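Heads up: the structure comes next, in structure tokens.
The values are calculated or read from the model by the stated rules, or taken from the named source; none is laboratory data. Treat the numbers as computed from the prediction; the structure is a model and nothing was measured. Here the Cβ is made from the backbone with ideal geometry for all residues, glycine too, and neighbour counts use every protein chain on show. These accessible areas exclude ligands, DNA and RNA; they are computed on the full protein's heavy atoms, side chains included. Shrake-Rupley method; radii C 1.70, N 1.55, O 1.52, S 1.80 Å.
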Amino acid sequence: MSLLENKDDIKELVDNLNFKQKIDRSIALIKEAYQKYGNSLIVANSLGKDSVCVWDLAKKISPKIRGFIVTTRFKPKETIQFMKKTIAQYPELKVFKNDQEIPDKLYKTDPDRCCYILKVLPARWAIKEMEVNCWITGLRCTEGRTRTDFKEVEERDKGLIKLNPILIWKEREVWQYLALNGVKVNPLYGQGYRSLGCAPCTKITTGEDERAGRWLDTSKCGGECGIHTQPLKINVSGDGI
Ligand code: SF4
């Protein structure tokens, strides 16, 4: 049976597959999707640990697989430097950014709007410009409260398949893979961050929830920027404000 059509219980896979079995499953998912979608398959690379893990897995299948990065004016300088090094190594990664003017401190007054303008819109541009039919993400179901109900293969947008090939990996397994494969990571992890985003909206936290430091002290705490929850395959050209 096609792995892309599996109906397996995600929670059981998280708990019962070992590290090697999870890697094999992730590679099989990406390989099957690449065979099916070819050049219209794209990796969304946020430059976080999960993204660089998925990027490395995809590169093992084909060096030709392309990707996109959505960046914003508020990314920490370490992330910008890491991005520059990454795209120098992988020119097949295309960067999308929205430079339009926005109200001062919009991330405080209306973080949903800020994320929509600076993250969701450029992600839509990427999907359109790169003619994407299947996008691959580093989303994991054990990351936090908002990520428990995703599937390995989804079609939330009609005509746009979303593949989450490391959905069942635990945080420890991601680090295990990165260490064993010598994959470089954003130096901010060395300071104690566990989930990375824009500087004003990302804090160092401890505890169970990996994403607890995102949008801390706002209604959006531990939440989502919208790239994983809003439609991406729609015609967009306006400024979004
Ligand atoms: S993470 Fe914060 S600064 Fe970045 S786009 Fe969202 S609200 Fe704006």
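Taking the Cα centre of the chain as origin, work out the dipole magnitude from +1 charges on Lys and Arg Cβ and -1 charges on Asp and Glu Cβ, in debye rounded to 20.
On the way: 41 positive and 32 negative charges, 126 e Å.
Approximately 600 debye in magnitude.
For the range 158-223, GluC sites (Glu not before Pro) meeting the loop criterion (DSSP other than H, G, I, E, B) and having at most 11 other Cβ atoms within 10 Å: Glu208.
Taking all protein chains in place and a 1.4 Å probe, what share, in percent, of the accessible surface of the chain do carbon and sulfur account for? Before the final figure, lay out the partial values.
Values: 5980 of 11630 Å².
Carbon-and-sulfur percentage of accessible area, whole number: 51.
Count Lys and Arg as plus one, Asp and Glu as minus one, and take only other residues whose Cβ is under 13 Å from that of Tyr37; the net charge is then +2.
Treating r as the C-beta distance of Arg172 and Asp8 and R0 as 25 Å, the FRET efficiency rounds to 0.70.
Calculate the dipole size of the range 153-222 relative to its Cα centre from +1 charges on Lys and Arg beta carbons and -1 charges on Asp and Glu beta carbons; express the result in debye to the nearest 20. Walk me through the intermediate numbers first.
Details: 11 positive and 9 negative charges, 33 e Å.
Around 160 debye, computed over the range 153-222.
Taking Lys and Arg as +1 and Asp and Glu as -1, the other residues whose beta-carbon sits under 12 Å from that of Leu188 total +4. The residues of the range 90-184 expose on average 46 square angstrom of accessible surface per residue, using a 1.4 Å probe on protein heavy atoms. Each of Leu180, Gln21, Ala33 was placed along the dipole of the chain (beta-carbon charges, centred on the mean Cα), and the one lying farthest toward the positive end is Leu180.
Roughly what % antiparallel, to the nearest 5, for the DSSP beta bridges in the chain? Mind showing how you got there, number by number?
Working: 4 of 18 bridges.
The antiparallel proportion sits near 20 percent.
The ratio of the alpha-carbon radius of gyration of the range 1-143 to the globular-protein estimate 2.2 N^0.38 Å is 1.16.
P(r) for the chain, from all Cα pairs and a bin width of 10 Å, is 7, 33, 40, 18, 2, 0 %, short bins first.
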